[in-house]
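Notes for the one structure printed next.
The values are calculated or read from the model by the stated rules, or taken from the named source; none is laboratory data. Note that the coordinates shown come from a computational prediction; the quantities given were computed from them, not determined experimentally. Note that each Cβ is placed from the backbone with ideal geometry, even for glycine, and that neighbours are counted across all protein chains shown. Note: areas computed on protein heavy atoms with side chains; ligands, DNA, RNA excluded. Shrake-Rupley method; radii C 1.70, N 1.55, O 1.52, S 1.80 Å.
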Amino acid sequence: MCVVQRASGDSALPTSSDRAGGTDRALDAARGRQAAMGQPAPHVAPAARRDACQSQAHRATPARGALAGGPAAPPQAGRGDSGADADATHANERWSMDFVRDTLRAGRPFRVWTLVDDATRESPLLVTDHSLPAARVVEALEFLRTTRGLPRAIVCDNGPEFVSQALDEWAASHGVALRFIRPGHPVENCFIESFNGKLRDECLNLHHFATIAEAQERIEAWRVEYNTERPHRGLGQRTPIEYAALLRDHERERRNPFLRRELV
């Protein structure tokens, strides 16, 4: 699984290039090794991370139908390929998920299951524990099904939890397409890679958690702050929550011809 990587204004929605962002997974491995030796972690400029994500998103395989010049077919439930092959434009259209590893003060390892909405950059849920098998991933997604709703597709790598039969059956039964990136191409999952980098830089690297309970509490507090208080340049200097509200307003205007006529 992933060790970790990172990646005002007016009412107009940011362009697709504004919303791109990503990074290389090898950097996080280097960060972890250098942190253990007390050395400063390597740094990648935000612009470079965004360019890498944008470039990889455009190189990914187009959706079915796009090659023939017609409309892209909706993703099929269950297993699929190619990761984030086009920009998500609506909340709950596509999510990305991954794992981040860290250790407690005494050296015991733990993991964080990370999740981000590719369109709004919200993190709907983070799950932190010593063990996070496929059953826990399914449990978390089922919780979100009842509290937020599900996406059409989820982008992930080929880790054992994500290629498991339990997750595949759950996704198929709920009409969710699992979009697997190519092995060795983490920037195909650039939105979660960028998010993972922020989580490590702004939370994990700043704390030496004594217990798993402390880790869970502080990581959840960071998630709430990230969603509600952190403006993103790629979202027009809006927070993920603000941008999600803007998308809902635009969708409401699009669906209501009378409202749209008044706004013209």
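Calculate the length of the line joining the C-alpha centroid of the stretch 207-249 to that of the stretch 147-167, in whole Å. About 21 Å separates the Cα centre of the stretch 207-249 from the one of the stretch 147-167. Relative to the Cα centre, the charge distribution of the stretch 108-183, modelled as +1 at Lys and Arg Cβ and -1 at Asp and Glu Cβ, gives a dipole magnitude of about 140 debye. At full extension, Glu142 and His208 could sit 20.7 nm farther apart than now, given 0.36 nm per residue minus the alpha carbon distance. By the gyration tensor of its Cα atoms, with a ≥ b ≥ c the square roots of the eigenvalues, what is the shape of the stretch 153-237: rounded for a/c under 1.5, prolate for a/b over b/c, or oblate? The shape class here is prolate.
When Ser164, Ser96 are compared by accessible surface with a 1.4 Å probe, the order from highest to lowest is Ser164, Ser96. Packing, as the average of other Cβ atoms within 10 Å across residues, places the peptides 139-151, 167-179, 186-198 in the order 186-198, 167-179, 139-151, highest first. Taken about its Cα centre, the stretch 209-255 carries a charge dipole of about 320 debye when Lys and Arg each add +1 at the Cβ and Asp and Glu each add -1 at the Cβ. Share of pairwise Cα-Cα distances greater than 24 Å in the stretch 84-208 is 24 percent (whole percent).
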